[in-house]
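Every number in this text was worked out from the coordinates using simple rules, so none of it is lab data. Keep in mind that what you see is a predicted model, and the values were worked out from it rather than measured. Cβ placement follows ideal geometry from the backbone for every residue including glycine, while neighbour counts extend to all protein chains displayed.
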Amino acid sequence: MPPQKKNNTLKYMRKVIIVGATSGIGKELALLYARKNSKVGITGRREQLLKECCNYYPEQICYQVCDVTDTQDTVRKLETLVRQLGGMDLLIICAGTGELNPQLDYALEEPTLLTNIIGFTNVADWAFCYFEQQQKGHLAVISSVGGMRGSGAAPAYNASKAYQINYMEGLRQKAAKLPFTIYTTDIRPGFVDTAMAKGEGLFWVIPVAKAAKQIEKAISRKKEIAFVSKRWKYVAKVLRLLPSFIYYRM
Ligand SMILES: NC(=O)c1ccc[n+]([C@@H]2O[C@H](COP(=O)([O-])OP(=O)(O)OC[C@H]3O[C@@H](n4cnc5c(N)ncnc54)[C@H](OP(=O)(O)O)[C@@H]3O)[C@@H](O)[C@H]2O)c1
């Protein structure tokens, strides 16, 4: 038997980068992957929170501070993380933002567009090209059930999530034409108990630990699309089929 298989410390460790892991789903996923013996690189703007996350598994988690809306700096920081980890097998885009904005204040919409569209596209493109070069890899994004229909309460947020859903479909089509396998997973949560779950009348809100477990499972099963929790799949179907004259009254 080769020495790597006898010695656990030399065993191959999966290298995972999580973009947007200072809090919420990204942080929970970082800790989950570390528990599962992966090496994890995390990013976000709040350095103190990144440090605290690393302190749980200092041997396994490392970080780089970056704002995804600064596209050039983000690529530099991702390249540094890849060097720190010694490679990359999986990249998960969790960075996202959104505000309730029924008054259509553009100042509130702009950060959502810059983060969820510009920042997301920059990271997704960089990761896909990296995986293309190494002829394998897995790209996942946390989009949202919100991306299934427009929203009068949070128009930019839902539209940005629809963009991510559509973009991931484009990448799936591109990947299908390659002579090697690049996996892509579009995770569409309903409501998860984090700072992002905003507004009145939220229902079926699940704890972030439960969401992270379901997300990790969907990614490990190489699902193309996964709803979290699963019951949101049926809500999404109904939402797609609902005639506009009913939807507008909701
Ligand atoms: N919670 C829900 O109910 C729910 C439902 C559907 C989809 N989602 C999606 O899940 C993803 C994660 O959200 P969450 O619920 O875990 O909320 P969260 O705790 O607020 O996490 C958002 C993460 O995104 C990072 N981020 C935001 N803007 C950034 C920027 N400009 N540059 C770099 N990082 C940035 C934040 O880090 P810093 O602030 O430190 O930069 C933070 O780590 C989001 O894309 C969200 O749309 C959430």
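List of remarks:
- Among the chymotrypsin sites (Phe, Trp or Tyr not before Pro) found in the stretch 192-250, those both in a DSSP coil and sparsely packed, with 11 or fewer other Cβ atoms within 10 Å of their Cβ, are Phe203, Trp204, Tyr248.
- Helix 120-134 and the long axis of the chain differ in direction by around 30°, with both axes built from C-alpha atoms.
- In a fully extended conformation the segment linking Tyr12 and Glu200 would gain 63.1 nm over its present Cα-Cα distance, using 0.36 nm per residue.
- Count Lys and Arg as plus one, Asp and Glu as minus one, and take only other residues whose Cβ is under 15 Å from that of Tyr57; the net charge is then +4.
- Inter-label distance for Asn55 and Asp70, nm, one decimal - labels placed 7 Å from Cα along Cα-to-Cβ: 2.4 nm
- Ranking Gln72, Thr97, Ile246 by how far each Cα lies toward the positive end of the dipole of the chain (charges on Cβ) leaves Ile246 at the top.
- Helix 155-176 axis versus longest C-alpha principal axis of the chain: approximately 50°, rounded to the nearest ten.
- Restricting the calculation to alpha carbons of the stretch 169-250 gives Rg and Dmax of 15.6, 48 angstrom.
- In the stretch 126-250, lysine pairs with alpha-carbon atoms under 19 angstrom apart (chain gap of 8 or more, or interchain): 28
- Evaluated at q = 0.09 Å⁻¹: base-10 log I(q)/I(0), Debye formula over Cα of the chain: -0.39
- Acute angle (nearest 10 degrees) that the helix 71-85 long axis makes with the longest principal axis of the chain, alpha-carbon atoms: 40 degrees
- If R0 equals 25 Å, the separation of the Cβ atoms of Gln173 and Asp193 corresponds to a calculated FRET efficiency of about 0.15.
- Here the Gaussian network model covers the chain, with springs between Cα atoms less than 10 Å apart; of Thr71, Thr185, Thr43, Thr71 fluctuates the most.
- Across the chain, Cα pairs under 8 Å and at least six residues apart give a relative contact order of 16 percent.
- Distance between the 7 Å Cα→Cβ label points at Tyr248 and Lys217: 4.1 nm.
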